[in-house]
Amino acid sequence: MPVDSAGHGKPGSAHAGRQSSVPSFRASARSALAQPALLRAVSLATSKFVSARQQTVAQTPGFEEAREQAHQIKQHVLRNLDRYLEEFAARVEERGGQVHWAADASDACAYIAAVAAENGARRVVKSKSMVSEEIELNQALESRGLEVTETDLGEYIIQLAGEKPSHLLAPALHKSRSEVGKLFAQELGMAYTDNIEQLAAAARRTLRHKFLDAELGVSGVNFGIAETGTIVILENEGNARLTTSLPRIHVAVMGAEKLIPRLQDLVVFLKLLPRSATGQTMTSYVSLITGAKTHSADEGPEQLHVVILDNGRSRLLADEVQREALFCIRCGACLNICPVYRSAGGHSYGWVYQGPIGALITPQLSGNESASELPFASSLCGACLEVCPVKINIPSLLLDLRSKVAVAHQPPSSRREAMLAAGFSFVMRHPAWYRLLAAVARRLQRLALKDGAMRTSSVPLLSAWTESRDFPAMAPRSFDQIWREELRG
């Protein structure tokens, strides 16, 4: 379904579908904080990513200029998305591919299932794709009797464990080698080992047969090039290349925002994405797929289907402030640097997108009221903006989204906060009232002082705020008093 630059779908606005309820971030985060092994695994992995990125970026001339250029390209694309989507679809079809405009998750899953049924496909292999997680494709296909196998090692581990990814880049980041060893012993019938090479080799042996037997391969899309109708996929394991070349049918699922205008624009993003994601100068495999094969002797699939997914993106595009979240190229850098993600883990965010970018797009794409607390799951430290390869101003967007949530819901706490803000404004504009209330507060604080800080667990309005923050005690004398008594000449 094409989307015009004002954010309106053709023929109608899309709404997210098939989304399960997003659990409470607070409850999930508390559960994660009680699991030291989980947090150690998350901290170790993200620290390595951060360090690798810092080293590689420091050695890359013109990296900041490339970030600004990428920002401008994405901004231009979203302002002209209807034109670029139509151009991309036309080029795909000219080269033998088929394009399906999916309004929502149910639409996308139904189309892919129909492609499988029409071609008698029963076995499906998938390369890593967050958008397929978004639409819950595995569950949809399995409910129709298809065998679906994830072929990215991390995704394969998660599939065997019956879990969801905990990181945009490294789905099994929260798993230790011993946990994977036990899982493989149980599910693959092999002897227990925690040797990483042996575990990878066991997965490789199993997955190789899946590749050879599959009739249909499903991939995501890192970038779609409007000028040529080319699909670009970046990976490190080679599984995406096998997924898109060995089965006779290839289905690529692409979020409508993934477009870039020209082939030469790809150079900018190839400079940014690997360095931001893994600290590599380039991923091991970069596949550019343009159309289906035209002769039986050619390599590759007989059919290419491109599913262009809306699933709430039209609504996000229509918001002139929040549409910047659609710049995201799913590198995971903001997760790795975020103190909240590193403390709470990826599953605390409740859906397929985690960290600062997940806090932004989950409430807006999932359509779930239960996700409305995610914009508040941030310290607003700004580290995510500093590392974002396309310079999304995540802290600013989170503040804007917080405001929208507060206006929409107006819970009692929000009304109390508004009253407190109004009272604070009045006091700050009237010095006499300020001095009087400050003097009263100094005397009353003695009732709640402990170890030099206020303990306000029983104080109305303040208890929730100080649950995770220190509230320093007021000084015995104000600066104004010290100035008048000691400093003024």
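The values are calculated or read from the model by the stated rules, or taken from the named source; none is laboratory data. The structure presented is a predicted model; accordingly, all values stated were derived computationally and were not measured. Cβ coordinates were reconstructed from backbone atoms using ideal geometry, including for glycine residues, and neighbour counts include every protein chain displayed.
Details
- Residue in segment 52-67 that is crowded, with 20+ Cβ neighbours inside 10 Å, of a type in the set (Val, Ile, Thr) and in the same structural domain as Lys293 (by TED's automatic domain parsing) present: no
- For segment 264-287, the criterion of being assigned to a helix (DSSP H, G or I) and either more than 25 Å from Cys334 (Cβ to Cβ) or not assigned by TED's automatic domain parsing to the domain that holds Gly154 (or both) is met by at least one residue.
- Subset of segment 189-224 that is hydroxyl-bearing (Ser, Thr, Tyr) and touching a helix residue (DSSP H, G or I) at 6+ places or on another chain (Cβ under 6 Å) - its residue that is farthest from Gly145 (Cα to Cα): Thr193
- Restricted to segment 18-125, the set of helices (runs of 4 or more DSSP H) holding at least 3 residues that are out of contact with any Pro (no Cβ under 9 Å at 6 or more places or on another chain) and either among the small types (Gly, Ala, Ser) or modelled with pLDDT under 95 (or both) comprises 25-33, 36-58, 105-118.
- Check on Ala325, assigned to a loop (DSSP other than H, G, I, E, B), of a type in the set (A, V, I, L, M) and crowded, with 16+ Cβ neighbours inside 10 Å: no
- Count of segment 153-182 residues which are aliphatic (A, V, I, L, M) and surrounded by fewer than 20 Cβ atoms within 10 Å (Cβ to Cβ): 2
- Restricting segment 81-97 to residues that are surrounded by fewer than 16 Cβ atoms within 10 Å (Cβ to Cβ) and not charged (D, E, K, R) leaves a set whose member that is nearest to Arg313 (Cα to Cα) is Ala90.
- Any chance Ser166 is of a type in the set (Ser, Thr, Tyr), under 27 Å from Leu304 (Cβ atoms) and either touching a His at 6+ places or on another chain (Cβ under 8 Å) or not assigned by TED's automatic domain parsing to the domain that holds Gln264 (or both): no
- Scanning segment 325-348 for residues that are under 18 Å from Arg40 (Cα atoms) and among the aromatic types (Phe, Trp, Tyr) turns up just one, Tyr341.
- Only one entry in Ala102, Ala90 is in contact (Cβ under 8 Å) with a residue 40 or more places away in the chain and within 22 Å of the chain's Cα centre (by Cα), namely Ala102.
- Note on segment 177-222: residues that are among the aromatic types (Phe, Trp, Tyr) and touching a residue at least 60 places away in the same chain (Cβ under 8 Å) total 1.
- Just one of the listed residues (Ala252, Ala292, Ala240, Ala256) is surrounded by 19 or more Cβ atoms within 10 Å (Cβ to Cβ), within 21 Å of Val115 (Cβ to Cβ) and modelled with pLDDT under 95, and it is Ala292.
- Restricting Leu272, Leu317, Leu263 to residues that are within 22 Å of Glu93 (Cβ to Cβ) and out of contact with any His (no Cβ under 8 Å at 6 or more places or on another chain) narrows the list to Leu263.
- Looking only at segment 351-371, and only at residues there that are assigned to a loop (DSSP other than H, G, I, E, B) and out of contact with any His (no Cβ under 8 Å at 6 or more places or on another chain), the one that is modelled with the lowest pLDDT: Asn368
- Selection from segment 336-350 of residues that are part of a helix (DSSP H, G or I), touching a Ser or Thr at 6+ places or on another chain (Cβ under 7 Å) and not charged (D, E, K, R): Asn336, Pro339, Val340, Gly346, His347, Ser348, Tyr349
- Some residue of segment 298-313 being under 18 Å from the mean Cα position of the chain (by Cα), touching a residue at least 60 places away in the same chain (Cβ under 8 Å), buried (at least 22 other Cβ atoms within 10 Å of the Cβ) and assigned to a helix (DSSP H, G or I): yes
- Scanning segment 426-480 for residues that are hydroxyl-bearing (Ser, Thr, Tyr) and at pLDDT below 70 yields Thr456, Ser457, Ser458, Ser463, Thr466, Ser468.
- If the condition is being buried (at least 16 other Cβ atoms within 10 Å of the Cβ) and over 13 Å from Arg144 (Cβ atoms), then segment 107-122 contributes Asp107, Ala108.
- Scanning segment 376-399 for residues being crowded, with 17+ Cβ neighbours inside 10 Å and modelled with pLDDT under 95 gives a total of 2.
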